Structures are given as structure tokens and as C-alpha cells.
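Asks: Could you have a look at this structure, given as C-alpha cells, before my questions?
The values are calculated or read from the model by the stated rules, or taken from the named source; none is laboratory data. Everything numeric here is computed off the predicted structure, so don't read it as measured data. Cβ coordinates were reconstructed from backbone atoms using ideal geometry, including for glycine residues, and neighbour counts include every protein chain displayed. All accessible areas refer to the heavy atoms of the entire protein, side chains included, with ligands and DNA or RNA removed. Shrake-Rupley method; radii C 1.70, N 1.55, O 1.52, S 1.80 Å.
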Amino acid sequence: SKITPLDVALLDYLDFLINEPTRKWGHIAVDEAQDLSPMELAMISRRLDASATLSLAGDLAQQTGTQYYEAWDGVLQLLEQEFNYSQKQLTRSYRVPSEILNYAKQFLDQSRINVAPSEPFLHRENSLEYSVIEDPKKRVMDVIARATEHLGNKESVLILAPKSIRGIFAGYSFPDNGNAHVRVMDPTEVKGLEFDAVLIVDPQDILEDYSWGKSRLARLFYVLTTRSTKKLVLIGSNQALIE
């Protein structure tokens, strides 16, 4: 089998056993630290000098992998750095409109992660919208029309849809408008990205694409619903399924 990025931590450990010592560093900074597995954290720990310092940044609520940590203490213990540390928490959200952030809070609550919800700062009228359309073809046309309208306003658009219909949007030729663009992406690949408008199509079907537990699905949808800086639209066949 081909070696994949998932094999790197194991290969690094084997290299450490055979070719010790590993090069040490005086300071290591890690972004998206919440997504590192215990083996990946061990890679970092082995590279810290005895007097080294370490900076970690991340959001526990945005862990979408099989491994997740309920609090930062779990990460620090695996790094053997559970003592003598300070923690700075960002409590204000300057990017996501308050209406969207309040909607996303339900997924944070269901994630079982020990993270306080962000305090909303940005307020935009009508930033959250539900679109209920029973006919599947009309739903597709509604998504295309909305995306085209946002492009006309020179706004970037992210379309998130279940596998069964994602190809329809991916194959559609949306017009370019300067820096405005439409991205059709796998829901597991959007972490860290932001768009002016996010259109989530048939969210219940997106859930059914993944045989994950409730906590992991909640973390995924917390990520999906916090990618927008202006507008979030949930589009489905039933009001109850999108609220």
C-alpha cells in the first residue's frame, strides 16, 4: 500500500526507535492543534528541548476526526506539558454574524466539548435563512439561482450538499465575477475556510452520508454553520429538517 499522511506519525516513531536522537527545538508553534492524534502529539513532544517553550492554537469545538479531546488538558498531557502553562481564550466572534452564531450553538451544545460559546459581535439583518422546497429539482434550481445572485454581488459562495447531488453543482458552470467564486466542497474539507455566503442543501442527507456518532456529527455541523461571514441559507424539503 502507498504511504499516506496518516502513516507519518507511525513512521516517525519507528525512525525515532532506530535512529535516536531526534533533533530538538527551542520553541514549536502548532496551529489547529485540536486535530492532532496522540501519535502526532508525541512527534512534537520528542522534538522539544528540555527548556523549550510551546505555543498551541486551535478550537476544540472544530474537531471532526475520530479522536477528540474534551478539554485542552488532554492535549497537554500527551505533550507532557500539563504543568506551568497559561491559557488565553478568545471569547468574541468578530467574523460570524450573531444570528448564525446563535444557530450554530445547538451543535456546540451537542458536541460534549468543554468550550464556552463565542460572544457574538457582528450583527447583520437576515443573515440566517431557511428555504423549504419539496420538489428536488426546484431545490437544485433555487441553490443555483442563489449562488448566481451572490456572485452578482461579488460575494464568494460555498455550496455544501450530500454526495447524491453534489456532482450537479460541481458540474454547473457558474459565471466568474472578479474575485467572487463558487466552491462546491466535501463537508469534511471546509475547516478554516470562510465565505460570504454558505448554502447548505439537504442537511439531513449530509448527516446520513457519515456513519458517525452524534458528537462527531455535531462538531462537523458546528464547522459547516460557522463558515459564513454574511449569509447562511439552509435549504431542504421540510422545515423541521433544516432548523
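Asks: Give the residues of the stretch 27-77 that are buried (at least 19 other Cβ atoms within 10 Å of the Cβ), more than 21 Å from W212 (Cα to Cα) and either touching a Cys at 6+ places or on another chain (Cβ under 7 Å) or among the small types (G, A, S) (or both), sorted by residue number.
Replies: A33
Asks: Which of the numbered conditions does A104 fail, given that it passes all the others? Conditions: (1) under 30 Å from D196 (Cα atoms); (2) small (G, A, S); (3) touching a strand residue (DSSP E or B) at 6+ places or on another chain (Cβ under 8 Å).
Replies: The failed condition is (3).
Asks: Related question: What pairs come up if the first residue lies in the stretch 94-107 and is free of Cβ contacts under 8 Å to residues at least 24 places away in the same chain, the second is part of a loop (DSSP other than H, G, I, E, B) and open to solvent by 10 Å² or more (accessible area, probe 1.4 Å), and their beta carbons are under 6 Å apart, counting only those six or more places apart or on different chains?
Replies: Sorted first by the residue in the stretch 94-107, then by its partner, the pairs are K105/P117.
Asks: Check whether at least one residue in the stretch 118-127 is under 30 Å from S211 (Cα atoms) and hydrophobic (A, V, I, L, M, F, W, C), and report yes or no.
Replies: The answer is no; no qualifying residue exists.
Asks: Just to be sure I understand, how many residues within the stretch 47-70 are without any contact (Cβ under 8 Å) to a residue 60 or more places away in the chain and touching a Pro at 6+ places or on another chain (Cβ under 9 Å)?
Replies: Final tally of qualifying residues: 1.
Asks: Oh, and also: Give the stretch 190-243 a look and list any residue that's over 18 Å from T66 (Cβ atoms), of a type in the set (D, E, K, R) and surrounded by fewer than 21 Cβ atoms within 10 Å (Cβ to Cβ), or say none.
Replies: Those that are over 18 Å from T66 (Cβ atoms), of a type in the set (D, E, K, R) and surrounded by fewer than 21 Cβ atoms within 10 Å (Cβ to Cβ): E194, D196, D205, E208, K230, E243.
Asks: Among E243, E189, E208, which is under 24 Å from E32 (Cα atoms) and of a type in the set (D, E, K, R)?
Replies: Selected residue: E189, the only one of E243, E189, E208 that is under 24 Å from E32 (Cα atoms) and of a type in the set (D, E, K, R).
Asks: Only one residue in D202, D209 is at positive phi and either in contact (Cβ under 8 Å) with a residue 24 or more places away in the chain or among the β-branched types (V, I, T) (or both). Which one?
Replies: Of the residues listed, the single one that is at positive phi and either in contact (Cβ under 8 Å) with a residue 24 or more places away in the chain or among the β-branched types (V, I, T) (or both) is D202.
Asks: Among (1) crowded, with 19+ Cβ neighbours inside 10 Å; (2) under 22 Å from the mean Cα position of the chain (by Cα), where does R139 come up short?
Replies: (2)
Asks: Further question: Given the condition under 18 Å from the mean Cα position of the chain (by Cα), polar (S, T, N, Q), part of a loop (DSSP other than H, G, I, E, B) and exposed (fewer than 15 other Cβ atoms within 10 Å of the Cβ), answer yes or no: does some residue in the stretch 111-118 qualify?
Replies: So far as the stretch 111-118 goes, yes, one or more of its residues are under 18 Å from the mean Cα position of the chain (by Cα), polar (S, T, N, Q), part of a loop (DSSP other than H, G, I, E, B) and exposed (fewer than 15 other Cβ atoms within 10 Å of the Cβ).
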